[in-house]
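Below is one structure, written out as structure tokens; comments come after it.
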Amino acid sequence: MCKKNFIPESNALEYTHRHDYLNAYVNDLSKVLDMEAIHNARINMVVDPLGDTVVHYWTRITDRYGLYLAVVNEIVDPTFHRYPISKQSIRSMKSGMKRGTLIDAYEDWV
């Protein structure tokens, strides 16, 4: 049996703090990617976050690095109810994008 160790509420603030994950992530992108080169290449990009909460990251990334980027789906869906479990949906999720949606959106945007 596992014994649970709880921190008394009076001591919780001593062990916790706020962390701005969004800005930390956006600022660290330039440490792993040449964001200036991406900006200077003037690549038109289209992103579909697939209902994930990172949808809000893309606006910050675009603003911070001046990218030519459009988000085609800003709806956050924490339940992922749009994706019934099937072999095809698993393949789609593994590929990281719904190709038809992105290609259509890109062609409309360009």
- Taking only region 51-76 into account, find how many residues are within 16 Å of Leu22 (Cα to Cα) and either charged (D, E, K, R) or more than 17 Å from the chain's Cα centre (by Cα) (or both). 4
- Message: Of the residues His81, His39, only one is at negative phi, open to solvent by 100 Å² or more (accessible area, probe 1.4 Å) and either modelled with pLDDT of 60 or more or not hydroxyl-bearing (Ser, Thr, Tyr) (or both); which?
- Response: His81
- Considering only region 22-53, how many residues are in a helix (DSSP H, G or I), in contact with a helix residue (DSSP H, G or I) (Cβ under 9 Å, 6 or more places away or on another chain) and either more than 12 Å from Tyr65 (Cβ to Cβ) or among the hydroxyl-bearing types (Ser, Thr, Tyr) (or both)? 4
- Can you tell which of Asp48, Asp34, Asp20 is crowded, with 16+ Cβ neighbours inside 10 Å and modelled with pLDDT of 75 or more? Asp48
- Note on the structure: Given (1) outside any helix (DSSP H, G or I); (2) at pLDDT 60 or above, Ala12 misses just (1)
- Item | Subset of region 25-50 (residues that are under 14 Å from the mean Cα position of the chain (by Cα) and farther than 15 Å from Thr62 by Cα) | Leu50
- Going through region 51-62 one residue at a time, which ones are closer than 11 Å to Glu74 by Cβ and surrounded by 17 or more Cβ atoms within 10 Å (Cβ to Cβ)? Gly51, Val55, Trp58
- Please name all residue pairs, on different chains or six or more residues apart, with Cβ atoms under 8 Å, provided the first residue is in region 1-25 and is polar (S, T, N, Q) and the second residue is part of a helix (DSSP H, G or I) and modelled with pLDDT of 75 or more. Asn23/Arg60
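The values are calculated or read from the model by the stated rules, or taken from the named source; none is laboratory data. Just so it is clear, the structure is predicted and the values come from calculations on it, not from any experiment. Cβ coordinates were reconstructed from backbone atoms using ideal geometry, including for glycine residues, and neighbour counts include every protein chain displayed. Accessible surface areas use protein heavy atoms only, side chains included; no ligands, DNA or RNA. Shrake-Rupley method; radii C 1.70, N 1.55, O 1.52, S 1.80 Å.
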